[in-house]
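Everything on this sheet refers to the single structure shown next.
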Amino acid sequence: MQARLCRKAALMTKRLITLRLVFLAGWMFFAGVALAAEPTDADIEKLLQASRAESMLNAIIPQMETMQRQQFDQLMAGKEMSPEQRAEADRIMAKTNEIMRKALSWQEMRPLYVDVYKKTFTREDVRAITKFYESPAGRSLLDKTPALMQNLMGAIQQKMVPMMEELQAEIQNVTPAAVPAPPVTPSQPRRKKKR
């Protein structure tokens, strides 16, 4: 009888320990969820302000345009273009810049930033990053980032020059004679054929 009671007590102890472990695991899970709460729009807005996200985005756009222009000029180096072709190329470049500026405007990009930050960071992450950007070291990083980006862009462009030359050589190997672009002329109304 005593052995039976010992087994029952051992079984009850195991169940009690299991119940406590389940409770503890549940508490840890829900506490983890609470700690990993999604940041609010206000949290993200404060981070975007502290990180100067809008001005950083606005600073990148002219750099992208300059890089695009330089790449185009490198591709066209040594190729003769008529004034009409040059004007058409400039018109296309200006239209491309206009489209890019609209697509990358803060009004278009802000909702994307908020959504991506919400998917990527917890509330605690956002608050800690904001605190960093508000610190002297964070402000120094922000102050020096444009120069850093400009230096990186220059270094990347220098690295791309040999690649562009190699690409041009490869294109010339594929097409033995350079095929000039057709002249750009305004479209003429079609004449109807007489039968």
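Restricting attention to region 73-166, which GluC sites (Glu not before Pro) occupy a DSSP loop and are surrounded by at most 16 other Cβ atoms within 10 Å? Write out the running numbers ahead of the final one.
Values: sites: GLU80, GLU84, GLU88, GLU98, GLU108, GLU124, GLU134, GLU165, GLU166; in loops: GLU80.
Answer by residue number: GLU80.
Output the Kirkwood hydrodynamic radius of region 35-169, Cα pairs only, in Å rounded to one decimal. Intermediate results must be reported in sequence, preceding the final value.
On the way: mean 1/r = 0.0563 Å⁻¹.
17.8 Å is the Kirkwood radius here.
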*Taking the Cβ-Cβ separation of LEU152 and ASP125 as r and a Förster radius of 30 Å, what is the calculated FRET efficiency to the nearest 0.05?*
0.75
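Read-outs throughout are calculated quantities, based only on the coordinates presented, and are distinct from any laboratory measurement. All of these numbers come straight from a predicted model, not from anything done at the bench. Please note: Cβ atoms are built from the backbone with ideal geometry, for glycine as well, and neighbour counts cover all protein chains shown.
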